[in-house]
């Protein structure tokens, strides 16, 4: 009988640990970890902040319903599970007993409030929830979301939507919340000296187990060399956007190291396939053969990049590992140009931002050099980013231009949109590919969807609507006293980090 | 005197209005802030909704009038990016900016004025040559380079000072010195030149001839007369520094006005650009006025009415 009782208690304890996805609350927490980034959040309002460096901060304060674990798998956070009732209806069950930092209970009201506000057209987050038709509270811990069309990206998109307390938000207003955030996350907001430092304190009552590190400070250090200096002097424990040319400077420093992830930002050179010589597939393939992408990654990015076969990088669902990138073959490029009727090449305009992406100006310069070697005389024009992005949104860039892209959902659909029909941010349209793309992105089962994406890519590869370039690797500098590794989705997450 | 000041202040209002028109027009022709706020996946409907939210779909003159009307009530609008009042973003940075500007300028004056005088008194001596060399290097050396070298030496190798950020006195030392070097170079050169001019004047020979001590001759007779161009320079420099020192602020991660303004321009955050420009203009106008008033104090021949 007694053994029975112990067994039952053990079982309850086991279920208890299963229920909480985090580790058991750590022993005496303490210490301060300082993260230095090149930019700080514009606001701590979870709806407004969509930059990577801002998200690194807000994700510590606000929990989403789902998140990726270190292995990249989607795991429940404030949700405990989901059910797909039919292709356009999702039911989410919510975690019980969770409180916001101000004591307000977390429940379905908060989720509905968050989603409804995110769906407003004025919200920068709108694109994540654009296809949502209605959010309905079934009971205090169940929410039903209906979508206009099947929306396979709902789950990965929800990872970028931090849940806010509805009462606090309505009482205080957005402008106040922008500098006084309250969430359910592993860290509470402490203070913020804008343009300098932002301090978070561990949430001792965190539902996933209290974090081991007591204080996290996010410092803004815009200059890359100054960031490395702060790392080497011990003032920063983690730095982001470690400039490749500075990585060798810490090689002999026993206290710090560089850590690298595969990266989520792709850099490509878009071709306006509707104008001039670029209408011919052979010309576009020739441009792909003409550029030595490996040499660019090696010499300009210090090797911290991956040359891609298409515009879908390895970190995305739907990556096709069987395609090999176009080889560097100037002779073949010249032959293709001659076949297409341009034995002496042609003149064209090449546009590039300067200072937006890692070494963007140098990369564009190098590409222009390679094009010239096969007879294509590209006139290079640089633009300040604000101007450039205005031109991008107005479809005024081209015929050749460099652009970077990323997908918050890490899904090929976001990348393939750049070569789809009828959208303003595409410069290519092929009805045959389009129908496959539409079918793929409406497929809810992730394995099936990935398969469909993989089948599309050989067609894109052959059509070459882009000079496929590379994915930037994420480079971090880390003090060795910290147990932390960067994640493949480039989310900087310190809730599970520890100090040695 | 009071009438003069009053007149200058009235003029300042016109200056500010002129500046606000120019700043408004310039910021609005350099592009749409909305597309900088949104991810590439954003839809056209979202862009339109956001432009409407910020009132950017109104004609430009209407936007300007709305801005003026609100500004007259002290409301400079909300930052488009940060969603907090634009003017308070600017005013929040005043202490840090003023701290850095005053420290840098005080260091510069303390070093450059005596050195300039010494150089002029001992013309072509080793002191003079060293001063000129310092001045040349100080003006031609890029601030960001000097700043990074200072960070590496004093922050990383010696660990005497933090590598950046704001906080106590220790945070202030490196940026103030680096920023001060550039200002000092100009002040030194000007002090030296002004002193050289004055030292050749007849009345100084007279002063010496009547047996005054060298200190009295230099400080009371020469320096006071040589100080007018130097004071002008310092006044303008103060106005400039209070408007923000972008490069130094960036290298040392100093939360000052310069970086705020430049970031606002890059982000097309119109309300913040307006607030920062107007504030900087106001400071500059006041610094110039103070400089002019200093003239009258330094040179009794100058009267304002």
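Divide by every residue of chain B the summed helix terms, -39500 (n - 2.57) for each DSSP H run of at least 4, and state the resulting mean residue ellipticity at 222 nm, rounded to the nearest 500 deg cm²/dmol.
Taking each H run of at least 4 residues, the total per residue is -23500 deg cm²/dmol.
At a Förster distance of 22 Å, what's the computed FRET efficiency of residue A:69 paired with residue A:481, Cβ-Cβ distance as r, to 0.05?
That pair, residue A:69 with residue A:481, gives E of 0.35.
For the pair residue A:451 and residue A:354, how long in nm is the line joining their label points, each one 7 Å along Cα→Cβ?
Distance between label points: 5.0 nm.
Need one number: % antiparallel among DSSP beta bridges in the protein assembly as shown, to the nearest 5.
Antiparallel bridges make up about 75 percent of those DSSP assigns within the protein assembly as shown.
Rounded to the nearest 0.05, what FRET efficiency do residue B:88 and residue A:122 give with R0 = 25 Å and r taken as the Cβ-Cβ distance? Could you check?
The formula returns an efficiency of 0.65 here.
If you rank A:454, A:324, A:136, B:268 by fewest surrounding Cβ atoms within 10 Å, what's the result?
Going from least to most buried by this count: A:324, A:136, A:454, B:268.
Based on alpha-carbon centroids, what's the gap between the stretch B:197-233 and the stretch B:262-305 in Å, whole number please?
What the calculation gives is 31 Å, centre to centre.
Assuming 0.36 nm per residue, please report the length gained on full extension of the stretch residue A:201 to residue A:346 beyond their Cα-Cα distance.
46.2 nm
According to a simple spin-label model (label point 7 Å from Cα along Cα-to-Cβ), what is the distance in nm between residue A:438 and residue A:298?
4.5
Where in the stretch A:256-298 does the label zone of residue A:324 land, with the point 7 angstrom along Cα→C-beta and an amide N cut-off under 20 Å?
Those under the cut-off are A:285-298.
So between residue A:500 and residue A:84, what do we pick up on full extension, going 0.36 nm a residue minus the alpha carbon distance?
145.4 nm
Label points 7 Å out from Cα along the Cβ direction at residue B:139 and residue B:224: separation in nm?
Distance between the two pseudo-spin positions: 2.9 nm.
State the extension gain, in nm to one decimal, for the chain segment bounded by residue B:110 and residue B:64, taking 0.36 nm per residue of separation less the distance between their alpha-carbons.
12.1 nm
Say R0 is 41 Å: what FRET efficiency, to the nearest 0.05, do residue B:53 and residue A:259 get from their beta-carbon distance?
Using R0 = 41 Å, I get an efficiency of 0.55.
Counting helices only, and only those DSSP H runs with n ≥ 4, report the 222 nm mean residue ellipticity of chain A as the sum of -39,500 (n - 2.57) divided by its residues, in deg cm²/dmol to the nearest 500.
Per the formula, -9000 deg cm²/dmol.
Could you put A:32, A:184, A:43 in order, starting from the residue whose Cβ has the fewest other Cβ atoms within 10 Å?
Neighbour counts put them in this order, fewest first: A:32, A:43, A:184.
Only Cα pairs under 8 Å and at least 6 apart count here; give the relative contact order of the stretch A:102-226 as a rounded whole percent.
Relative contact order here is 17 percent.
Please report the relative contact order for the stretch A:215-264, taking Cα pairs under 8 Å with a sequence separation of at least 6, and give it as a percent rounded to a whole number.
27
Calculate the radius of gyration of the Cα atoms of the stretch A:431-500 to one decimal place, then report Dmax, the largest Cα-Cα distance, as a whole number, both in Å.
Gyration radius and largest Cα-Cα distance of the stretch A:431-500: 19.0, 57 Å.
How far is the Cα center of the stretch A:123-169 from the Cα center of the stretch A:32-110, in Å?
Comparing the Cα centres of the stretch A:123-169 and the stretch A:32-110, I get a distance of 12 Å.
Quick note: the coordinates plus some simple rules give every number you see, no bench work behind them. Model, not experiment: these values are computed from the prediction. Here the Cβ is made from the backbone with ideal geometry for all residues, glycine too, and neighbour counts use every protein chain on show.
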